[in-house]
Amino acid sequence: MFVSLQFKLELKKGDREKLVKLMHKQSSAIRIAYNMLKELEKEKTRNPHAQIYHRLRQLFSDLLTKYINSAIYKAKQYPTDKSVVFGGKRLFEKLCKNHLTGKAREKLKKQWRELRQGTLIAIGSKHKTAQGNLLLRFTELDGKLHLRITTGNREFIYAKVLREPSNSKDKWITFMAMLLESWQTKNYFAYTVELKLRGGEVYGSVSFEISKPKVKYTKENGVIAIDTNASPIHLAIAEVSKTGELVSYQTISLHHLLGLSQNSKDHQEWILAHKIVDIAIQRNKAIAIENLKKLKRGMRGDGKAELRRRLHNWNAKKFLQKLKRVAMLKGVEVIEVNPAYTSIIGMLKYAPQLNIDKDVAGAYVIGRRALGFKEDMPENYERLLKDKAYLEFALKRYEEREEELKELLEKETNEYKRNALKSELRSVKDAKELLTHLIQSLQSESSSCEGANGRNLTWQVLKVAFLFPILGKVLPRDLSPLKPVLVEGVWDRVRSRLVPLEAGGTVPMRDFWNSLNR
């Protein structure tokens, strides 16, 4: 399947003048080639290309061979059975009329000249020396995507490429994945680039062929599961065997991406996506990710300005789109799973059991879900949800917290801090309502954990019942103190020896790859 994509270029003034001069030359060559092609077809010449090439070589001695061949290629795209007006027939007819004068006529004339003289095209080649396109080649410069434009013998100008994917299905994502892959493997693909002048700006189109490779790496051997996290901003990665066991895990800090420009950030994300897919290939496994149809970005006035800022500066959904495209090109299966309760299950079940970070535990649950495993509630947790004494203790803890929040709210004058307190107060009230409902269910000899709409809330109830009442935090990073509760069902002894928990850390990206490749 052939695809054509549009982009815009940003050039320095001097470089733009050089480019326009080159455009004028090749545009003239295209017009001459077209007129010769029409005449030679009438004469039924056997090899018109050779004659046209020699004539253009005589007229444009300083025009590179590839530009001359590309001019002939472009000329062949026009119909020879009818007249063609370079620059546009309608514009030409308007200019021939005398009713336009002054600035209006000059504007129209400039537009016609841009269309007539503002074309530059170079045919692509997958040869190793051409690297996709010998004369108009995409390349990286200072961590940003540029187009290297050959203006003469070993003479180049570099134009910054301005292009962002418009949506998750935008083929630009695929093109960037193919481009980065070709740079890394030296296995290049051909792409044709055509530049146009329009309104004083330089626009381009790139045409290439997409071939969908056969999927070679599937979940039959397990998965590499990815969990994206914003606080702190990082990826949690878990390698899961086909039997659902945790083989290895690590976290990758992405904090360094926050200070980069969009182009540099995109480039680094492409590199990261390729490296993760390469790990999946090395381990002969598929990739499992969350199905992020709706990524929560926070709401203004919720008291979480710093979190919203991080979510604005790094879009997890865009990164996962890149990861999917790279995996598709390299034949790695990607399984998207429903993210519902993956974090809660990881926190409550696997973080204390395996003594791992809550985000790694969340990635582990994503991996297990991708492999088709279902998560049953641990027996001791289920037993505590039926323990009236414990539930009353948990309810009391929330009542105490509610009073603390109300006092803080009365003293606080900062609007954003008040919003954060109000948000927590609403969560505390919801938790009280949930626990009260559960206690009433026990009193009526019913152990239902369903909400008013009938939706099963078991894991949500566990989160409400255990995290804050026992650990004193809603989202603690260290869940190891829950292990006695998970294994023995003992909660009062754990509560009595609690100390403040330190947040878990992450490692730099380079350490991650070194550890996985040992």
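Too long at a 26 Å Cα-Cα cut-off: which of LYS386/LYS463; LYS317/LYS406; LYS396/LYS422? Correct reply: LYS317/LYS406.
Could you tell me what percent of the accessible area of the chain is made up of carbon and sulfur, with a 1.4 Å probe and every protein chain present? Percent of accessible area from carbon and sulfur atoms in the chain: 48. Which of the aspartates and glutamates could a cross-linker bridge to LYS411, judged by Cα under 17 Å and excluding same-chain residues fewer than eight apart? Of all the aspartates and glutamates, those that pass the test against LYS411 - Cα under 17 Å, at least 8 places apart if same chain - are GLU402, GLU403, GLU424.
The residues neighbouring LEU197, those whose beta-carbon lies less than 11 Å from its own, together hold a net charge of +4 under the Lys/Arg +1, Asp/Glu -1 convention. If you take the square roots of the eigenvalues of the alpha-carbon gyration tensor of the range 238-289 and sort them as a ≥ b ≥ c, do you get rounded (a/c under 1.5), prolate (a/b over b/c) or oblate? Prolate is the answer for the range 238-289, as a/c is 1.5 or above and a/b outweighs b/c. Helix 388-411 and the longest principal axis of the Cα set of the chain meet at an angle near 60°.
Answer rounded, prolate or oblate for the range 359-407, using the Cα gyration tensor with square roots of eigenvalues a ≥ b ≥ c: rounded when a/c is under 1.5, else prolate when a/b is larger than b/c, else oblate. Because a/c hits 1.5 or more and a/b fails to exceed b/c, the range 359-407 counts as oblate. Ordered by solvent-accessible area of protein heavy atoms (1.4 Å probe), largest first, the residues MET36, MET1, MET176, MET23 come out as MET1, MET36, MET176, MET23.
Hey, what did the chain get for relative contact order, percent, Cα under 8 Å, at least 6 apart?
Averaging sequence separation for qualifying contacts and normalising by length gives 13 percent for the chain.
Note on exposure: ARG113, ARG148 ranked by accessible area (1.4 Å probe, complete protein assembly) read ARG113, ARG148, with the most exposed listed first.
Of the whole protein surface, ARG198 contributes about 130 Å² of accessible area at a 1.4 Å probe radius. Against the chain, whose longest principal axis is taken from its Cα atoms, helix 102-117 shows a tilt of about 90°.
How high is the FRET efficiency from LYS169 to GLU404, r the C-beta distance, R0 60 Å, rounded to 0.05?
E between LYS169 and GLU404, to the nearest 0.05, is 0.75.
Can you tell me the orientation of helix 415-443 relative to the chain, as the angle in degrees between its alpha-carbon axis and the longest Cα principal axis, to the nearest 10? The answer is roughly 50 degrees.
Charged side chains reduced to their Cβ positions (Lys and Arg at +1, Asp and Glu at -1) give the chain a dipole of some 3680 debye around its Cα centre. Across LEU115, LEU486, LEU462, the residue with the most accessible area heads the list, and the full order at a 1.4 Å probe is LEU115, LEU486, LEU462. Here's how it looks for GLY118: its modeled amide H is under 5 Å from those of LEU197, which are all 5 or more places away or on a different chain. Using the 1.4 Å probe convention, the accessible area of the chain works out to 53 Å² per residue with neighbouring protein chains retained. Taking the Cα atoms of the chain, the ratio Rg/Rh between the radius of gyration and the Kirkwood radius comes to 1.14. Over all other residues within a Cβ to Cβ distance under 12 Å of LYS358, the charged ones net out to 0, with Lys and Arg as +1 and Asp and Glu as -1. Gyration tensor analysis over the Cα atoms of the range 156-246 returns equivalent ellipsoid semi-axes of 37, 19, 12 Å (largest first, whole Å). When the listed pairs LYS13/LYS275; LYS126/LYS285; LYS66/LYS144; LYS25/LYS324; LYS18/LYS275; LYS265/LYS358 are checked against a 32 Å cut-off, the alpha-carbon distance exceeds it for LYS13/LYS275; LYS25/LYS324; LYS18/LYS275. In summary, the aspartates and glutamates within cross-link reach of LYS74, defined as a Cα separation below 12 angstrom excluding same-chain residues under 8 places away, comprise GLU194. Sort largest first and round to whole Å: the equivalent ellipsoid semi-axes of the range 77-227, each the square root of five times a Cα gyration tensor eigenvalue. Working from the Cα gyration tensor, I get semi-axes of 40, 18, 17 Å. For the range 188-293, GluC sites (Glu not before Pro) are listed when DSSP marks them as loop and at most 15 other Cβ atoms sit within 10 Å of their Cβ; the list is GLU245.
Cα centroids of the range 13-87 and the range 142-181: 26 Å apart. For the range 134-257, the relative contact order comes to 10 percent (Cα pairs under 8 Å, sequence separation of at least 6).
Residue by residue, the range 40-53 carries 3J(HN,Hα) couplings of 5, 5, 4, 7, 6, 5, 5, 10, x, 4, 5, 5, 5, 4 Hz when phi is fed to the Karplus relation 6.51 cos²θ - 1.76 cosθ + 1.60 (θ = phi - 60°); x denotes Gly or Pro.
Might you report the magnitude of the Cβ-based charge dipole of the range 1-135 about its Cα centre, with Lys and Arg at +1 and Asp and Glu at -1, to the nearest 20 debye?
Using Cβ point charges on Lys, Arg, Asp and Glu, the range 1-135 gives about 360 debye.
Within the straight-line cut-off of under 16 Å between alpha carbons, the aspartates and glutamates reachable from LYS107 are GLU93, GLU201, sequence neighbours fewer than 8 places apart in one chain being disregarded. The heavy atoms of HIS99 present about 130 square angstrom of accessible area, all protein chains included, probe 1.4 Å. Taking all Cα pairs closer than 8 Å and separated by 6 or more residues, the relative contact order of the range 2-124 comes to 36 percent.
The values are calculated or read from the model by the stated rules, or taken from the named source; none is laboratory data. Nothing here was measured: the structure is a model prediction, and the numbers come from that model. Please note: Cβ atoms are built from the backbone with ideal geometry, for glycine as well, and neighbour counts cover all protein chains shown. Ligands, DNA and RNA are excluded from the accessible area calculation, which covers all protein heavy atoms including side chains. Shrake-Rupley method; radii C 1.70, N 1.55, O 1.52, S 1.80 Å.
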